[in-house]
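Below you'll find the structure I mean.
The values are calculated or read from the model by the stated rules, or taken from the named source; none is laboratory data. Worth saying up front: this structure is predicted, and the values here are computed from it rather than measured. Neighbour counts are summed over all protein chains in view; Cβ atoms, including those assigned to glycine, are modelled from backbone coordinates with ideal geometry.
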Amino acid sequence: MSGILLLTKSIFAIMIGFLSAVLLGLVLIPLLKRLKVGQRISVFVGDSHKKKEGTPTMGGLIFIIPTLLATAFLVITDRIQFTTNLGIILLVFIGYATIGFLDDYLSLKKKNNEGLTTIQKLIFQVIIALGFFYLYMRNGGQTALVVSTLGINIEMSWFYGVFLLFILVGASNAVNLTDGLDGLAGGLSAIAFVAFSLISLMVGFEEIGIFTFVLTGALCGFLIYNTYPAKVFMGDTGSLALGAVMGAVAILTHREVTLLVVASVFVIETLSVILQVIWLALFKKKLFLMTPLHHHFEKLGWSEQDIVKLFWVVGLILTMAGIFFGVWL
């Protein structure tokens, strides 16, 4: 009976996340248009993206607000317990959403794509990581990197706090870099969160699993407005929050290596940027036509929809491999 109840909770979580995001989108998108919260498009991405100039940004609020409200409802009605782990997830989710919101707001105010400076972002991220590490240690969290499948057990002690910051920053920026085509980052995130929802439930973190199912549903609702042609962009408000939560869930469920598998497309996108910089420095020429990698495919003449579908399929295959690695092995 407990298994049936958990399945019912999971379906209900996805449903309320989806419906509330769809309803909020109907209200929020016209509001963002009236406020003229329009995205400025970089001159480097090509003419095909110029028609997107002025599309409302900060659309991450469409899945952030419903996820927070639905989670609060589930806690208040005793559908899930409010634990330290859930508190950490909410701290990261709200904290990184706030960083992204400030970045988007300042970009709009300055009328360019430059919001918070790198140093300002890092300071905020360090503060959140310190809060994470404090709550994590107070709750008796382990500081060893354990991957039983690979026979890895490394005690990191206080350095685990630095490792934690690295994962949060790396994951948030990876999703941020991937958010360049309509529906790409949102769809890949929804796929990845299904994996982490299942992993969380399987290893005994019910509250995290239900939270991520709510977020998955909300992301699906957001994709109604974000797939090609996008009526709204998630902005840094959404992308930074998604990546950070992904990293936080991986840490709390002790599936840090699984994150590399589940989020492989985000990792590949990030590596393409790093490789491009190194290649230019060493050989004075480009390795890719343009980075992140999805722009390379655009330069090759692929349509935006075909690139997104390909990346989604690759993401789904790797996510299934991540579930196998994170639960079965």
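Let's see how each residue does on (1) modelled with pLDDT under 95; (2) among the hydrophobic types (A, V, I, L, M, F, W, C):
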position: M246; (1), (2): no, yes
position: V257; (1), (2): yes, yes
position: V261; (1), (2): yes, yes
position: V273; (1), (2): no, yes
position: F297; (1), (2): no, yes
position: V308; (1), (2): no, yes
position: G315; (1), (2): no, no
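Now for a different question. Is there any pair linking a residue in region 73-89 that is over 16 Å from G204 (Cα atoms) to one that is of a type in the set (A, V, I, L, M) and assigned to a helix (DSSP H, G or I), with Cβ under 6 Å and at least six apart or on different chains, and which?
I88/L135
Please specify each residue of region 77-90 satisfying the condition of being over 18 Å from I14 (Cα atoms) and not in a loop (DSSP other than H, G, I, E, B).
T84, N85, G87, I88
Now, a different point. Need the failing condition index for A218 against (1) surrounded by fewer than 24 Cβ atoms within 10 Å (Cβ to Cβ); (2) out of contact with any Leu (no Cβ under 7 Å at 6 or more places or on another chain), just the number.
Only one criterion is unmet by A218, namely (1).
Do the conditions hold for L164, that is, is it surrounded by fewer than 22 Cβ atoms within 10 Å (Cβ to Cβ) and touching a residue at least 12 places away in the same chain (Cβ under 8 Å)?
No; evaluated as a whole, the condition is false for this residue.
State all residues of region 276-297 that are surrounded by 16 or more Cβ atoms within 10 Å (Cβ to Cβ) and either part of a helix (DSSP H, G or I) or of a type in the set (G, A, S) (or both); if no residue qualifies, say none.
Result: Q276, L293, H294, H295, H296, F297.
Can you spot a residue in region 251-260 that is of a type outside the set (A, V, I, L, M, F, W, C) and within 22 Å of D103 (Cα to Cα)?
Checked against the condition, which is being of a type outside the set (A, V, I, L, M, F, W, C) and within 22 Å of D103 (Cα to Cα), region 251-260 yields no hits at all.
Same structure, new question: Just the residues that are aliphatic (A, V, I, L, M) and either surrounded by 13 or more Cβ atoms within 10 Å (Cβ to Cβ) or at pLDDT 95 or above (or both), please, taken from region 32-60.
Result: L32, V37, I41, V45, M58.
Could you check how many residues of region 125-144 are of a type outside the set (G, A, S) and buried (at least 17 other Cβ atoms within 10 Å of the Cβ)?
Within region 125-144, residues that are of a type outside the set (G, A, S) and buried (at least 17 other Cβ atoms within 10 Å of the Cβ) number 6.
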